[in-house]
Amino acid sequence: MRRSIVRVLVFALPLTVLAACGGDDPAGGGDTSVEAPAEATAPADYMEGLCAAIVSYQNDLEAENASFEEQFSGGTPTPEDTKTALGSFLGTAAARTEQLVDDVNALGTPDVDNGDDVRSTLTTAFDQVVELFNSAKSDIEALSVDDPAALVAGFEAAAAKLQEAGTGISSSFEDLSSPELDEAAADAPSCEGVI
């Protein structure tokens, strides 16, 4: 299970760096906490829901990437267009990650020995991703388009920040282990190709 979550983070953060934009959802920043169901969730149900949420999240980010590529495939974007597009993408990525947090919270707590730790680690990590996207968006919006070299350097700095922070967030899963959830994931149809 830990490997699948790390793969999502490794996938999502560099994608924002390489992709650059799409959509115009505002960056959230609101409360991403959702009350978990009172009863524990069976491992099979938890992993089926978690993998389905991850697949949907990945698909949405890939669609944003495709939208960006199509948007700029016909020519060379101006610095203003690129800045606006990247800021828009980061805002969309933040909002979509907030939805992922809601989806994970709605699954409740997995009925395993360290279920509370699993739930807390997941939601905390994804909340950090939301903050990271919002911070990168602010950094991009603060850049001036008057100096193209400085703008490119600003894009590169934001990319480096995303990658470095992504590595740090991913490391929070190093000690997270649940043989029961790993076993459930192996049997969950939605986890095929995710793990």
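The values are calculated or read from the model by the stated rules, or taken from the named source; none is laboratory data. Here the structure is a predicted model, which means the values were calculated and not measured. Quick note on the areas: whole protein, heavy atoms, side chains included, nothing else; ligands and nucleic acids left out. Shrake-Rupley method; radii C 1.70, N 1.55, O 1.52, S 1.80 Å.
Quick notes
- Per-residue HN-Hα couplings for the stretch 130-145 [Karplus 6.51, -1.76, 1.60; θ = phi - 60°; Hz; x = Gly/Pro]: 4, 4, 5, 4, 5, 5, 5, 4, 4, 4, 5, 5, 7, 6, 8, 8
- Whole-Hz ³J(HN,Hα) from phi, Karplus 6.51 cos²θ - 1.76 cosθ + 1.60, for the stretch 102-117, glycine and proline x: 4, 4, 5, 4, 5, 6, x, 9, x, 7, 9, 3, 9, x, 5, 5
- With all protein chains modelled, accessible area of residue 122 [1.4 Å, Å²]: 0 Å²
- Solvent-accessible ranking of 131, 48, largest area first, probe 1.4 Å: 131, 48
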